[in-house]
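Below: one structure, written as structure tokens.
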Amino acid sequence: MAMSEDPEEPKIYLLPNLMTAGNLLCGFLAILTIFKGMQVDDLVAARGFYETAMLYIFGSCLFDLLDGRLARMGGQESPFGQEFDSLADMVSFGLAPAMLVSRAVLVDLELPESFDPSGRREVGLTWAIAFIYLLCGGIRLARFNCLARIGGAAHGDFRGIPIPMAAGFIASLTFIMMSFAESGRSLGWLSYVLAAMILGISVLMVSNVRYPSFKKIDLKTSVNVWTLLGAAFVLGLLVKFTVYAPTLIFVIYLILPLLGQKKKKLEIKKP
């Protein structure tokens, strides 16, 4: 049932938008928790704050999944719900992960001395990369809404990486960095590779690469034996290798569509 019967007011359905409000709340709490962690210079000492923030981001993912499912199941999709969902996503999967990028994921990133003669750690590079991620996330959400309005958004896949997936990738990298800091290790030159990965995922959010959405998967979805074995294998990886497995799974999700698209281009060029 809509909350308002005024024909000039947008339809606001209770349950889907309540889930979106939950998404926004988790994102807000994640940002507050990250701010507390930012007051601590040592990443190890701030680990508890960042882990709590990642749990809040995970909660946002669950609410984001539920609001869309409830809207589609009840035939309650509306322009208001779509806009509200995008605003909540910008907070939970845009701003909160961007703050993790600047203060946790790229904590070892420093400019060479020739570029930073003052020797200060705060050179602004991490903030710039974090802002690029945030900017691309905002553009990705705005483009998705525009495509949905003109009927150009496909229901079977996404054009560009969905921002919750990008946020999940950032969270998995944060977990690895905290593990490194706790053991006293530093990434060294690999921190530049990590920065390139963040920039890469930012660009992929606004790309035209098609990514599966998994929207049609529910309790009635049937699969073959190999798909079931693959899902069980992935679950086993997550349980056994808690630190590194999530990042590996996200990387595979990001790379496979790229390889598929390259293969299609090569087939088109063949005479």
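Things to note:
- Between A231 and L256, the simple label model (points 7 Å from Cα in the Cβ direction) yields a spacing of 1.3 nm.
- Computed FRET value (nearest 0.05) for L65 with A45, which takes r as the C-beta separation and R₀ as 45 Å: 0.85
- Anisotropy class of region 14-220 from Cα gyration tensor, a/c 1.5 cut: prolate
- Region 33-110: C-alpha gyration tensor shape, a/c 1.5 cut-off, then a/b vs b/c: prolate
- Using R0 = 41 Å, the C-beta based FRET efficiency linking A196 and S78 works out to 0.55.
- Note, ³J(HN,Hα) from phi for region 51-68, Karplus 6.51, -1.76, 1.60, rounded to Hz, x at Gly and Pro: 5, 5, 4, 5, 5, 5, 5, 5, x, 4, 4, 5, 5, 5, 5, 5, 5, x
- Taking amide H atoms as placed 1.01 Å from N in the peptide plane, the amide H of F158 lies under 5 Å from those of Y211, S213, each 5 or more residues away in sequence or on another chain.
Since every read-out is calculated from the coordinates, none of them should be taken as a lab result. Quantities reported herein were computed from a predicted structural model and do not represent experimental measurements. Every residue, glycine as well, gets a Cβ built from its backbone with ideal geometry; the counts of neighbours run over all protein chains shown.
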